[in-house]
Amino acid sequence: MEAVYWLKNVRLESGYTYENGEVVGTETELVHLLIEHGKISKIASAKEELQSGGISTKDAGKLLLLPSFVEKHCHLDKTLLGEPWRAPVPVKNLFERFELDKKLFPTLPTTTEERAKNLIETILKAGSTHIRTHVDIYPEIGLKHLEGVKSALSSFEEKLSYEIVAFPQHGLLRSGSQSLMREALRNGASIVGGVDPANIDGDIEASLQQMMELAVEAGAGIDLHLHDPGHLGLFTMKRLAALTVEAGWQGKVAISHAFGLGGVTQREAEEAAAMLAAAGITIITAVHIGPWTLPPVPLLEEKGVTVAVGHDNVFDSWSPFGNGDILERLCRLAQVNRWNSEYPLSQSIRYITDGKTTLDSTGTRVWPQVGDEANVVFVEASCTAETVARRAKRRAVMYKGQLVSGSLDS
């Protein structure tokens, strides 16, 4: 598509409708958007005939426009997409899973790059134009997975943005991966990963200290996988929050899963949430189904903690499930929290759009605004609430004003 063009007949949300003071619906209007060099430079009402001034036009066919999505947690190097079907082999514990992975990947006929490309394409088609991927770093594999994922992502440079987490899946201390982590951070990774400092590394303090040291040394962020439940997980989160403040690393740290927040009393969860908020730590949930206790999202937000949703595993040796569609996970989050009505459903989109919503609490449009990057998804739905609840079809995806997936042709 051209660098400058009109996108006409775009459906945008314009306000809420109310009954007895409650939001019962969402109003929309048709507009024309002027796209210039990847940004929205003008929003004009479609009530008046478009005066294009000789600029080319593209018809959006009255499709609803939403901000494109963010896949906040995936493992591009682990996926088996492109391989014949195989369910995960049962194991007794995580350590057996680690050993199976070491044996599996070298035997696959497809490369890390090929499989990663398959998943990236799937994620992009589902509406995400930003990916945060964790990439395994351990002595037996070295940086091979990182190199494969980087190569895969490089072929999508004009279609999406991304972050790479150097992830010591087998334990930062347990696998002795500190030097490899440093090398990964010099070669494309921008975030330090970690996993279960107690149950995997066996030393909460040493593991967290080493993780923070690597991050500060490299000027990198942190994203800790924390599956440890109850008070063990809670203690780990509190300690990480304290270290984050000590290092001045507020706003640069995330905790993925954080099951411990859901397995304690209300008072304990509130105290932990306050510490996380003060440290600027984000909680990323994959909304797992199973024996885990999910973090209490409404409580976290009430205390000022930023929350995001990620997909996690997509058809790999850990899970046979997952389809790369982050909207499916958001729908699951809405069901778990019983967000059944129009307002909470419409506002929930912020968990997969880096905090963006189309309307604020008063029903005033806050997205899009002139100057916003044209990273958008066109959906077959009447409003955001319907999009979330029914996982509406995504017709087309744009990144910086350019069509990167799907089509606007009916």
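Structure notes:
- Top-ranked residue of the range 213-222 - restricted to ones that are open to solvent by 10 Å² or more (accessible area, probe 1.4 Å) and within 24 Å of the chain's Cα centre (by Cα), ranked as nearest to Ile281 (Cα to Cα): Gly221
- Scan of the range 257-273 for residues that are under 23 Å from the mean Cα position of the chain (by Cα) and not small (Gly, Ala, Ser), ordered by number: His257, Phe259, Leu261
- Those strands (runs of 3 or more DSSP E) lying entirely in the range 23-128 with at least 1 residues open to solvent by less than 20 Å² (accessible area, probe 1.4 Å): 39-45, 64-67, 69-74
- Taking the range 176-214 as the range and being among the acidic types (Asp, Glu) and over 20 Å from Ala242 (Cα atoms) as the test, only Glu183 passes.
- Any hit, the range 333-346, residues being among the acidic types (Asp, Glu), touching a Gly at 6+ places or on another chain (Cβ under 8 Å) and not in a strand (DSSP E or B): yes
Per-residue answers, yes or no, for (1) closer than 28 Å to Ile326 by Cβ; (2) surrounded by fewer than 21 Cβ atoms within 10 Å (Cβ to Cβ); (3) in contact with a Phe, Trp or Tyr (Cβ under 9 Å, 6 or more places away or on another chain):
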{"position": "Arg239", "(1), (2), (3)": "no, yes, no"}
{"position": "Val245", "(1), (2), (3)": "no, yes, no"}
{"position": "Gly248", "(1), (2), (3)": "no, yes, no"}
{"position": "Gly251", "(1), (2), (3)": "yes, yes, no"}
{"position": "Ala254", "(1), (2), (3)": "yes, no, no"}
{"position": "Ala258", "(1), (2), (3)": "yes, no, no"}
{"position": "Ala269", "(1), (2), (3)": "yes, yes, no"}
{"position": "Ala274", "(1), (2), (3)": "no, yes, no"}
{"position": "Gly280", "(1), (2), (3)": "yes, yes, yes"}
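- Which numbered condition Glu163 fails, given (1) in a helix (DSSP H, G or I); (2) open to solvent by 10 Å² or more (accessible area, probe 1.4 Å); (3) more than 14 Å from Ser405 (Cβ to Cβ): (1)
- Count - residues of the range 223-237 that are more than 16 Å from Ala278 (Cβ to Cβ) and open to solvent by less than 20 Å² (accessible area, probe 1.4 Å): 8
- Scanning the range 342-353 for residues that are farther than 21 Å from His311 by Cβ and either open to solvent by less than 60 Å² (accessible area, probe 1.4 Å) or in contact with a Pro (Cβ under 9 Å, 6 or more places away or on another chain) (or both) yields Glu342, Pro344, Ser346.
- Scan of the range 365-404 for residues that are open to solvent by less than 20 Å² (accessible area, probe 1.4 Å) and β-branched (Val, Ile, Thr), ordered by number: Val376, Val377, Val379, Thr384, Thr387, Val388, Val397, Val404
- Residue that is nearest to the chain's Cα centre (by Cα), among those in the range 143-190 that are of a type in the set (Lys, Arg) and closer than 17 Å to Asp101 by Cα: Lys144
The values are calculated or read from the model by the stated rules, or taken from the named source; none is laboratory data. In this text the structure is predicted, and so the values were computed from the model without any measurement. Positions of Cβ are generated from backbone atoms using ideal geometry, with glycine treated the same way; all protein chains shown enter the neighbour counts. To get the accessible areas, we keep the full protein, side chains included, count just its heavy atoms, and leave off ligands, DNA and RNA. Shrake-Rupley method; radii C 1.70, N 1.55, O 1.52, S 1.80 Å.
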